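Working notes, beginning with the structure itself.
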Amino acid sequence: MFVRLENTNEHNKFYEMLGYAYVDNETNKDNSINLTIRYGIINCEGRTIFKQFKDRAELWDFVRRKTDEKLRKGYKIVKSRE
């Protein structure tokens, strides 16, 4: 899952989230659910933080809430895929 939002109206900022899961090949269950968040000024490397979640539903809930928050602040979705 990947989402990139940009706010070019006021501050030239970006915020992107990349979610991924490590799956145990023997049990076919998720070992860990992770999210990498990068944010900063467009055309700069920005800062990176990592978060872990107990399951995919918790990850999706976080991404939805964060996306809604950024949209309210004037960001626009420029790239998105599941």
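Derivation of every value follows stated rules applied to the coordinates shown; laboratory data play no part. For clarity, every value in this text was computed on a predicted model and none was experimentally measured. With ideal geometry, Cβ positions are generated from the backbone for all residues, glycine too; neighbour counts draw on all protein chains shown.
Of all residues in region 1-60, those satisfying the criterion of being assigned to a strand (DSSP E or B), aromatic (Phe, Trp, Tyr) and surrounded by 12 or more Cβ atoms within 10 Å (Cβ to Cβ) are PHE2, PHE14, TYR15, TYR20, TYR39, PHE53.
Among the residues of region 57-76, just one is of a type in the set (Gly, Ala, Ser) and in contact (Cβ under 8 Å) with a residue 40 or more places away in the chain, namely GLY74. Taken over region 37-60, the residue count meeting the criterion of being over 23 Å from ARG72 (Cβ atoms) and touching a Ser or Thr at 6+ places or on another chain (Cβ under 7 Å) is 3.
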